[in-house]
1. Mind listing whichever residues of the range 154-175 are in a loop (DSSP other than H, G, I, E, B) and within 16 Å of the ligand (Cβ to nearest atom)?
2. From the list 151, 186, 203, exactly one residue is within 16 Å of the ligand (Cβ to nearest atom) and under 15 Å from the mean Cα position of the chain (by Cα). Which is it?
3. For the range 123-153, name all the residues that are assigned to a loop (DSSP other than H, G, I, E, B) and free of Cβ contacts under 8 Å to residues at least 40 places away in the same chain.
4. Could you tell me whether the range 216-227 includes any residue that is touching a helix residue (DSSP H, G or I) at 6+ places or on another chain (Cβ under 8 Å), near the ligand (Cβ under 9 Å from one of its atoms) and assigned to a loop (DSSP other than H, G, I, E, B)?
5. Return the only residue of 212, 287 being at positive phi, touching a helix residue (DSSP H, G or I) at 6+ places or on another chain (Cβ under 8 Å) and either modelled with pLDDT under 95 or away from the ligand (no atom under 12 Å from the Cβ) (or both).
6. Are any of the residues in the range 256-264 surrounded by 13 or more Cβ atoms within 10 Å (Cβ to Cβ), closer than 17 Å to residue 144 by Cα and modelled with pLDDT of 95 or more?
7. Just checking, which of 242, 236 is touching a strand residue (DSSP E or B) at 6+ places or on another chain (Cβ under 8 Å), buried (at least 22 other Cβ atoms within 10 Å of the Cβ), in a loop (DSSP other than H, G, I, E, B) and touching a residue at least 40 places away in the same chain (Cβ under 8 Å)?
8. What number of residues in the range 228-238 are near the ligand (Cβ under 6 Å from one of its atoms) and in contact with a helix residue (DSSP H, G or I) (Cβ under 6 Å, 6 or more places away or on another chain)?
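The values are calculated or read from the model by the stated rules, or taken from the named source; none is laboratory data. Predicted model only: the values in this text are computed from it and were never measured. Here the Cβ positions follow ideal geometry from the backbone for every residue, glycine too, while neighbour counts run over all protein chains shown.
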Ligand code: MTE
């Protein structure tokens, strides 16, 4: 991925400090509920996109023990080429992106198909917080308290049929709102895909929040994918379409540079990117002199997901 310097985005003073997060977690852990607002409340999201608090339960079993990165780290160092190629561009350029009303089209090899208001899709789904490792193919990483739900809980409601071998995702195409789409730096819209068993894996999430609040626009609001054992480019943002397909769908980065980015994109310290090593990573927030840390196969989720790839040559299917 390209590197470019640009001006800083949000000021630190604009951002919720993570101590608010830690005290909220303590409250929730003690059994206090919080009023629904933001995405779950439907259109309220547009009224308070940055402050809407989400109701969720902590999913400790699926969370890592690593200390989460700060809200500032997670929301000011972003890859979101629809809003610029610089890391601080999205925080600035996506501020006024409209995330409500929002609808998602679900189609392809499934009994139930159609276009649905996001709030109707989300209403039956209880939200969970899961603290996941996140590893970018550019060899930086972070630890993120996402709020969302397993993708499979949504997909199953559409009754995919036996021809559904893959799931394809598409980001909104709206160059009027997304200035990066006026430049041919990538083929637009951004598209991604998973094999059906990867999509149905309980660790694969659709995310609507971060640090207990509605997801910031720069992180992919109102709805993004998170697949914690894969490089970050699989985790497509601002999803407007989900299709069940018979064949492996096209994906943006593997189409743009097939020798550099594969369809599978499982985190793999043994397979270097042609332009950089994948053996170690730089954890954001550690400062300039922090030692790099070893990258783990499947980003540390091997016990849960390695069986999905049994018998596959992961150098060939990278
Ligand atoms: N989704 C869209 N639509 N456009 C993008 O440019 N970038 C990807 C992924 N999803 C991208 C995207 C890449 S390369 C990464 S590393 C992650 O989003 C970054 O997510 P974050 O900004 O929330 O850390």
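1. 172, 173, 174, 175
2. On the way: 186 fails: under 15 Å from the mean Cα position of the chain (by Cα); 203 fails: within 16 Å of the ligand (Cβ to nearest atom).
None of the other options fit; the residue is 151.
3. Start the filter on the range 123-153 by keeping residues that are assigned to a loop (DSSP other than H, G, I, E, B), which leaves 123-127, 136-139.
Selection gives 124, 125.
4. The answer is yes; a qualifying residue exists.
5. 212
6. no
7. 236
8. Adding up the residues that qualify gives 1.
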